[in-house]
Amino acid sequence: MPIDRLIFRSVAPLVAAALSGCAVLPADRGAADVRRLVAERGGRELAAPEQNMSALVGDLLKAPLTADSAVQIALLNNPRVRAEYARLGLAGADVYEAGRLSNPRFSVGALTSNAAGAATQVTFGLAQSFTDLLLLPARSRLAAGEFERAKQTAGRAILNVTADVESAYFNLIGMQQVVAMRVKIASAAQASAELAQRLFDAGNVSARGLAQEQAAASTAQLSVLQVTADTAAARTQLNELLGLGADAPNWQAASVLPAPLDREDELVELQKLAAQSRLDLAAQRREVALLADSLSVTRRYRYVGAVEVGVVTERETDRSRITGPTLSLELPIFNQGAGRVARAEALVEQAESALKTLELTVANKVRLAADRVRAARERAALLRTRLIPQREEVVRRTQQEVSYMLEGQFALLLVKQQEYDAYQGYLEAVRDYWIARTELAREVGARLPSQAPRRADTSSPNAVPEPLSELPRPGPANDEMKALDGMKMHDMPMPNTPPAKPTDTSTHQHGGSP
């Protein structure tokens, strides 16, 4: 066979493989696929990279924040989201590298003869790894699968950012409402202390009674200071999740939590949804499949070591030229790839165990999160339908007793503060309910089936305690009692279920359902 034909047959397959194996970097680093994965699970749609992020964030901050707008700002501005896209870029680079052959090796050598007048012997060589050519399809396939797994991992991370923002948002709104409640309680306690001072000055209250009222007022004020500091911390946490600095515009958040939903999802439905939707589960399943594919490739080519084919040409000392193909082959004598196979088998077993562990963890966490939602909902319902109406009834009856001189003013102020405490407990229960639902959605890995578009915030006129304007007021205490006038509980989120009514309705002053 002529030498030129032999060279062509040796080099042509390498050229064809190099051309077919050329890969290009993903244009958007897979961002569009990540947006699709997130949207399929009920997540907020991420802005396209070409959009003006700063302008979008500025527009969203002009209006009072809602849970949805807070998540949109975070997805536009949070550094964690940008970090996930950077990781996608790394995975995309791996796809590019895996789809290309290694560069050929060029060699040159020069040997000088000691014979008088003899020319220098020059050798030129060009070699390419045949092993790269052989493994190119498998390597490209595995890298593409790893890129898909990276997209799933990024989608899971973005859904986690969404859950973190929603939890921080509901915590902040709940804290703001608790602050408003504590201010009302402190106002009532201060009015009680000032009334006690007037009555003490008139000789109608003991020094111990005065000290008790003053201590209660101080305790209430300290509580206001504490929850105000906690609210500032909650706002800072949300501000950081939004990707905003300390010098960010002084944005405002909505003032009222949504009422609990009418129904909750069944646990069996949630378990199935989690198995289908969790992106980390999908990523782990893909890793098992990729490692099993890698094991198959390792077993198939376990005896193949480093193989190089090429062409070499020599110019002899008499200036004649010799050209021909070369082959460099690693012989599997001492190492037949058994270690590589064992390692690949161990990696498959490890990945399968990790998948099983994650499946068990997800199932148990979904159950636990669902239990927490149910507990928070039941606590809110009990406060709304039983304790709050009971506290309201105590206030009404105490008002009657004060009117007939059967009870003193301090007793009325005390039960009024207890009524406010019940409302605060309800606020905290509603806050815990929404945070628990957010965590449940995180564990399920998708928007909950019951999470239809959120209803408008609701409040109940029955949730508003009567002002103390109708109380008989001793002259010296008029100013202090006026401080309690009009202290109504506005903007209270209430479920649709009307409160349970007392058995004796003859003195029940509130009418109508929420």
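The values are calculated or read from the model by the stated rules, or taken from the named source; none is laboratory data. What you are looking at is a predicted structure, and each value in this text was computed from that prediction instead of being measured. Every residue, glycine among them, receives a Cβ derived from its backbone with ideal geometry; neighbour counts consider all protein chains shown.
Worth a mention:
- Per the listing 322, 333, the residue uniquely free of Cβ contacts under 8 Å to residues at least 24 places away in the same chain and touching a strand residue (DSSP E or B) at 6+ places or on another chain (Cβ under 9 Å) is 322.
- Within region 119-160, restricting attention to residues that are among the β-branched types (Val, Ile, Thr) and surrounded by fewer than 19 Cβ atoms within 10 Å (Cβ to Cβ), the residue that is modelled with the highest pLDDT is 123.
- Failed condition for residue 262, given (1) buried (at least 17 other Cβ atoms within 10 Å of the Cβ); (2) within 22 Å of residue 431 (Cβ to Cβ): (1)
- Checked against the criteria, residue 193 does not count as surrounded by 13 or more Cβ atoms within 10 Å (Cβ to Cβ), in contact (Cβ under 8 Å) with a residue 12 or more places away in the chain, among the small types (Gly, Ala, Ser) and within 26 Å of residue 158 (Cα to Cα).
- For beta carbons closer than 7 Å, sequence separation of 6+ or different chains, a first residue in region 47-64 that is modelled with pLDDT of 80 or more and a second that is part of a loop (DSSP other than H, G, I, E, B), the qualifying pairs are 56/47; 61/249; 61/251; 64/252; 64/254.
- Residue within region 313-321 that is part of a strand (DSSP E or B) and under 23 Å from residue 102 (Cα atoms) present: yes
- Here residue 441 meets each of (1) within 23 Å of residue 276 (Cα to Cα); (2) free of Cβ contacts under 8 Å to residues at least 40 places away in the same chain with one exception, condition (2).
- Residues of region 394-438 classified as surrounded by fewer than 20 Cβ atoms within 10 Å (Cβ to Cβ) and among the acidic types (Asp, Glu), total: 4
- Cβ-Cβ under 7 Å pairs, at least 6 apart or on other chains, region 115-130 side under 21 Å from residue 101 (Cα atoms), far side among the acidic types (Asp, Glu) and part of a strand (DSSP E or B): 127/308; 128/308; 129/308; 130/308
- Among the residues listed as 436, 446, the single one being part of a loop (DSSP other than H, G, I, E, B), modelled with pLDDT of 80 or more and not hydroxyl-bearing (Ser, Thr, Tyr): 446
- Exclusive hit being touching a Lys or Arg at 6+ places or on another chain (Cβ under 6 Å) and not aliphatic (A, V, I, L, M), set 206, 218, 223: 223
- The sole residue among 397, 379 that is within 30 Å of residue 189 (Cα to Cα), more than 33 Å from the chain's Cα centre (by Cα) and among the charged types (D, E, K, R) is 397.
The rows are residues; the columns are (1) β-branched (Val, Ile, Thr); (2) under 13 Å from residue 410 (Cα atoms); (3) at pLDDT 90 or above; (4) more than 41 Å from the chain's Cα centre (by Cα).
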{"position": "184", "(1), (2), (3), (4)": "no, no, no, no"}
{"position": "193", "(1), (2), (3), (4)": "no, yes, no, yes"}
{"position": "196", "(1), (2), (3), (4)": "no, yes, no, yes"}
{"position": "226", "(1), (2), (3), (4)": "no, no, yes, no"}
{"position": "229", "(1), (2), (3), (4)": "no, no, yes, no"}
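- Yes/no for residue 91 being at pLDDT 85 or above and either among the small types (Gly, Ala, Ser) or at positive phi (or both): no
- Criterion (surrounded by fewer than 18 Cβ atoms within 10 Å (Cβ to Cβ), farther than 30 Å from residue 431 by Cβ, among the acidic types (Asp, Glu) and touching a helix residue (DSSP H, G or I) at 6+ places or on another chain (Cβ under 8 Å)) met by exactly one of 345, 287, 330, 316: 345
- Meets criteria (out of contact with any strand residue (DSSP E or B) (no Cβ under 6 Å at 6 or more places or on another chain), farther than 30 Å from residue 278 by Cβ, among the acidic types (Asp, Glu) and not in a helix (DSSP H, G or I)) for residue 392: no
- Selection status of residue 159, out of contact with any strand residue (DSSP E or B) (no Cβ under 6 Å at 6 or more places or on another chain), within 22 Å of residue 258 (Cβ to Cβ) and touching a residue at least 12 places away in the same chain (Cβ under 8 Å): yes
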